[in-house]
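First up is the structure itself, then whatever we jot down about it.
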Amino acid sequence: MSTEVLDSSRKILEHSIMYYQGRPVGTLAALPSSKLAAENYAECFIRDFVPSALVFLIQGRSNIVKNFLETVLTLKTSERVIAGHEIQPGVMPASFRVEVEKNGREKLVADFGERAIGRVAPVDSMMWWIILLDIYTKSTGDIELVSRPEFQRTMEQILHLCLKDSFEVSPALLVPDACSMIDRRMGIYGHPLEIQSLFYGVLKIIQNLYKEPKEYSKNNFSLLHTAKIREQALLNYVRIFYWLDLKRLNEIHRYRTEEFGLDSTNVLNIHPESIPNWVVNWLPHNSGYLVGNVSAGRMDFRFFALGNILSILFNLSTDEQSDKILNLYESKWNDLIGDMPVKIIYPAMEGLEWEIRTGSDPKNVPWSYQNGGNWPALLWTFVAAAIKSGRQDIAEHAYQTALKRLMEDNWPEYYDGHSGRLIGRRSNFRQVWTATSVILSHHFLEDPALLKLLPNS
Ligand code: GLC
């Protein structure tokens with residue numbers, strides 16, 4: 001079965017390759033069809049391209065990845081203004097497409113959120129771009145690309161953007177709702193874990209990728225130095241304030257509030273009354289996870305898969321924390337993997353909470369799509385994190401579970417229901433990152449040494 005499924009997924013990847021002026025520059029989000037669930041699935045998304053890129057690198061087709069990195073960079077510099085305000089230099093689009101003009105000439109059109117549903121500018125794109133640049137450089141040994149002045153300048157702009165002064169006290173990055181893989185309103189504004197994990201990954205690898213101009217240090221200013229300090233502060237902050245296990249839950253349950261001064265324990269003034277009932281009964285003894293979001297008086301107790309998995313991959317969580325996250329997967333397999341790896345968020349928001357936090361979004365009804373749906377595109381990240389932590393068995397189990405249905409179901413984008421038994425009600429088909437996720441998981445399981453490609457591993 002495995003060979004047939006892999007052949008089918010490889011065909012999807014081949015047919016998804018997008019060309020610009022005769023050069024392959026990316027992959028479509030989904031194969032063309034008259035019934036695409038969203039118009040922009042015919043574009044190349046930066047985040048969706050990451051698993052495609054890894055597969056291409058493993059296959060020795062690094063030119064596509066190089067073309068992609070160059071193309072996205074030109075898009076970044078060519079489009080700046082949206083509705084009267086300037087998009088910060090460094091921001092990268094969520095997606096782009098190739099359009100043919102009347103005179104037959106091709107042009108690239110990027111989407112910085114001005115066409116996307118909900119009009120949200122992505123924050124994760126620029127981070128994935130740097131992470132992919134690191135992966136490409138490591139994989140090919142080509143240091144010419146990263147050394148080019150425009151690549152160096154772009155990294156500098158991204159660093160400036162992420163490190164610049166704001167009203168914030170916390171080292172975590174403040175972002176709007178819907179600015180990453182979850183690109184619809186889902187109550188994740190603030191300091192969502194997924195962005196913190198990506199940000200940490202970037203801060204870590206930037207030290208090798210970016211060469212600071214000498215004049216900076218002469219002027220007593222060093223972006224790299226600031227990045228280093230922020231990296232350490234973010235690491236400590238996430239490991240302490242985002243972490244939840246039974247011990248922590250007991251502490252929070254008995255927290256004193258309204259503490260003033262420097263030696264308070266409950267520094268963020270989390271009210272024990274905000275602990276949801278589900279978490280008390282759900283969290284097993286040997287497990288733990290990083291919560292979804294943390295800020296003043298707020299702890300979002302939901303479990304977000306990608307943020308937790310990336311924190312394992314990038315060593316943002318301690319080894320002990322990573323083990324406990326994987327224990328959670330093992331103990332709560334039906335909730336977090338079920339019939340189709342991987343549940344994007346647990347649990348789903350229902351009732352009034354769903355109404356208020358999603359704006360009554362019918363695509364994100366409870367246990368569907370981003371509100372508790374199951375996303376095969378996350379499989380490769382789970383497989384990589386499990387192998388990295390020495391849990392080959394659960395990596396294999398998740399992979400085999402995915403193989404059972406994906407080809408037969410025509411490579412859906414997502415699944416619905418508590419344990420992901422139903423094909424997503426509005427799911428798109430022949431979704432490319434669903435397919436590449438399977439190919440990549442297969443490679444990682446066959447040859448765990450490939451994990452070295454990933455940052456910080
Ligand atoms: C959806 C997903 C987003 C993905 C895009 C293309 O909008 O939420 O994460 O990048 O589809 O697959």
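The values are calculated or read from the model by the stated rules, or taken from the named source; none is laboratory data. Being a predicted model, the structure only gives us computed values, none of them experimental. Virtual Cβ from ideal backbone geometry, glycine too; neighbours counted across all protein chains shown.
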Given the conditions (1) modelled with pLDDT of 95 or more; (2) among the aliphatic types (A, V, I, L, M); (3) within 12 Å of the ligand (Cβ to nearest atom); (4) surrounded by fewer than 24 Cβ atoms within 10 Å (Cβ to Cβ), every one holds for Ala38 apart from (1)
Within the stretch 244-298, can you find the residues that are closer than 22 Å to Glu194 by Cα and among the acidic types (Asp, Glu)? Asp245
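The rows are residues; the columns are (1) more than 29 Å from Asn456 (Cα to Cα); (2) buried (at least 23 other Cβ atoms within 10 Å of the Cβ).
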site: Gly288; (1), (2): no, yes
site: Asp300; (1), (2): no, no
site: Gly338; (1), (2): yes, no
site: Tyr369; (1), (2): yes, yes
site: Gly373; (1), (2): yes, yes
site: Gln392; (1), (2): no, no
What is the residue count in the stretch 335-386 for residues that are farther than 25 Å from Gln400 by Cβ, charged (D, E, K, R) and more than 15 Å from the ligand (Cβ to nearest atom)? 4
Taking Ala178 as the residue in question, decide whether it is touching a Gly at 6+ places or on another chain (Cβ under 7 Å), on the phi < 0 side of the Ramachandran plot and within 16 Å of the ligand (Cβ to nearest atom). no
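With respect to Thr401, determine if the residue is within 12 Å of the ligand (Cβ to nearest atom), part of a helix (DSSP H, G or I), modelled with pLDDT of 95 or more and not acidic (Asp, Glu).
Values: within 12 Å of the ligand (Cβ to nearest atom): no; part of a helix (DSSP H, G or I): yes; modelled with pLDDT of 95 or more: yes; not acidic (Asp, Glu): yes.
Considered against the rule, which asks whether it is within 12 Å of the ligand (Cβ to nearest atom), part of a helix (DSSP H, G or I), modelled with pLDDT of 95 or more and not acidic (Asp, Glu), Thr401 comes out as no.
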Just wondering, is there one or more residues in the stretch 246-264 that are among the β-branched types (Val, Ile, Thr), without any contact (Cβ under 8 Å) to a residue 40 or more places away in the chain and in a loop (DSSP other than H, G, I, E, B)? yes
All positions within the stretch 113-170 that are at pLDDT 95 or above, small (Gly, Ala, Ser) and more than 16 Å from the ligand (Cβ to nearest atom): Ser139, Gly141, Ser147
Using beta carbons and a limit of 7 Å, which pairs, at least six apart or on different chains, have the first residue in the stretch 417-433 and within 12 Å of the ligand (Cβ to nearest atom) and the second one of a type in the set (A, V, I, L, M) and part of a strand (DSSP E or B)? Asn428/Ala30; Arg430/Ala30; Gln431/Ala30; Val432/Ala30
Determine the pairs where a residue that is farther than 12 Å from Leu244 by Cβ, located within the stretch 267-284, has a partner that is part of a loop (DSSP other than H, G, I, E, B) and aromatic (Phe, Trp, Tyr) with Cβ atoms under 7 Å apart, the partner being 6 or more residues away or on another chain. Pro272/Tyr255
Within the stretch 199-223, how many residues are assigned to a helix (DSSP H, G or I) and buried (at least 17 other Cβ atoms within 10 Å of the Cβ)? 10
